[in-house]
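Step one of this worksheet: look at the structure below.
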Amino acid sequence: MAEVTALRTSSEPGSAGERETRVALAACYRLIAHFGMDDLVYTHISARVPGEPGHFLINPYGLMFHEITASSLVKIDYDGNIVADTGYPVNKAGFVIHSAVHMAKPEVNCVLHTHTRAGIAVSCLADGLLHINQHSAMFYGRLAYHDYEGIALDLDERSRLVRDLGDMPAMVLRNHGLLTAGRTVQEAFVLMYYLEQSCRIQIDLMAAGGKLTRLSDNVVQHTAQQFQSSPSPCGEREWPALLRLLDAKDPGYRN
């Protein structure tokens with residue numbers, strides 16, 4: 001794959017913390033593309049800039065996810081102003097959704113939003129995600145829902161989005177898609193990976209037309225507690241292997 005160089009900033013990001021965040025976020029974009037969770041140039045992933053309150057990084061509007069590099073990410077503030085110009089605009093809907101979460105939840109450092117086929121399908125079901133297998137049990141008591149209000153361009157939706165998210169790490173945007181909020185980029189990605197897998201499994205099962213074998217509430221709750229009691233922070237164990245996958249495929253995301 002040709003290396004994307006046209007959007008490089010004039011200088012390297014200012015701090016080691018920012019540089020590390022840029023690489024992790026670019027990797028996350030590439031992974032979303034690799035696993036088939038992208039939507040042309042739409043949807044978005046953001047990460048808070050370490051040591052810069054009010055600033056976060058987001059994708060340049062117009063690049064495919066497999067093209068994104070660490071230096072092409074756009075730094076913006078909570079008002080949507082571009083702090084470090086790359087020559088590309090940002091998606092306003094991305095700004096509205098992501099600024100809402102970053103402003104209200106300082107513990108969240110990465111917000112990931114997708115429009116996948118399975119995720120949208122589940123978001124259109126009245127019952128939403130069913131906790132019927134090990135993957136979906138991970139989200140028992142940890143999944144919020146937000147009603148569709150149209151394309152997320154209105155600033156006043158931010159308060160309702162944050163209200164509905166509450167303290168949950170994941171959310172189904174009704175008739176729209178999925179969202180995860182992680183303490184790290186790694187956590188946001190792994191949560192989205194398994195939320196997406198849960199949606200794909202559910203849609204496959206429903207398409208098969210057979211009777212679903214439901215887990216009891218006690219088993220689902222116990223399984224969710226097992227996931228949450230893991231000694232390793234979510235995403236920490238998987239991330240090095242995921243980076244090895246990307247480096248073997250195309251290490252250009254680090255540029």
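Name the residue, out of LEU242, LEU212, that is out of contact with any Asp or Glu (no Cβ under 7 Å at 6 or more places or on another chain) and under 24 Å from HIS113 (Cα atoms). Show your work before the answer.
Working: LEU212 fails: under 24 Å from HIS113 (Cα atoms).
Of the residues listed, the single one that is out of contact with any Asp or Glu (no Cβ under 7 Å at 6 or more places or on another chain) and under 24 Å from HIS113 (Cα atoms) is LEU242.
Which residue is farthest from the chain's Cα centre (by Cα), if the candidates are limited to region 17-49 and must be of a type in the set (A, V, I, L, M) and assigned to a strand (DSSP E or B)? Out of the qualifying residues, it is ALA47.
One residue stands out in region 212-227 among those that are exposed (fewer than 13 other Cβ atoms within 10 Å of the Cβ) and in contact (Cβ under 8 Å) with a residue 24 or more places away in the chain: the one that is nearest to VAL185 (Cα to Cα), namely ARG214.
Report, ordered by the first and then the second residue, all pairs with beta carbons closer than 6 Å, sequence separation of six or more or different chains, a first member in region 16-42 that is surrounded by 17 or more Cβ atoms within 10 Å (Cβ to Cβ), and a second member that is of a type in the set (Lys, Arg) and outside any loop (DSSP other than H, G, I, E, B). Pairs that qualify, where the first residue is surrounded by 17 or more Cβ atoms within 10 Å (Cβ to Cβ) and the partner is of a type in the set (Lys, Arg) and outside any loop (DSSP other than H, G, I, E, B), are VAL23/ARG254. Each residue in region 50-93 was checked for being part of a loop (DSSP other than H, G, I, E, B) and of a type outside the set (Gly, Ala, Ser), and 20 pass. Taking the condition out of contact with any strand residue (DSSP E or B) (no Cβ under 6 Å at 6 or more places or on another chain), modelled with pLDDT of 95 or more, closer than 23 Å to PRO169 by Cα and among the hydroxyl-bearing types (Ser, Thr, Tyr), does THR116 pass? Answer is yes for this residue.
Take region 201-211 and flag every residue that is loosely packed, with under 10 Cβ neighbours inside 10 Å and in a helix (DSSP H, G or I).
Kept after step one, since they are loosely packed, with under 10 Cβ neighbours inside 10 Å, are these residues of region 201-211: 207-211.
Residues satisfying the conditions are ALA207, ALA208.
Among the residues of region 1-38, those that are in contact with a helix residue (DSSP H, G or I) (Cβ under 8 Å, 6 or more places away or on another chain), among the aliphatic types (A, V, I, L, M) and at pLDDT 70 or above comprise VAL23, ALA24, LEU25, ALA26, ALA27, LEU31, ILE32, ALA33, MET37.
The values are calculated or read from the model by the stated rules, or taken from the named source; none is laboratory data. Every value quoted in this text rests on a predicted model; they were computed, and no experiment measured them. Counting neighbours? That spans all protein chains shown, and the Cβs are built from the backbone with ideal geometry, glycine included.
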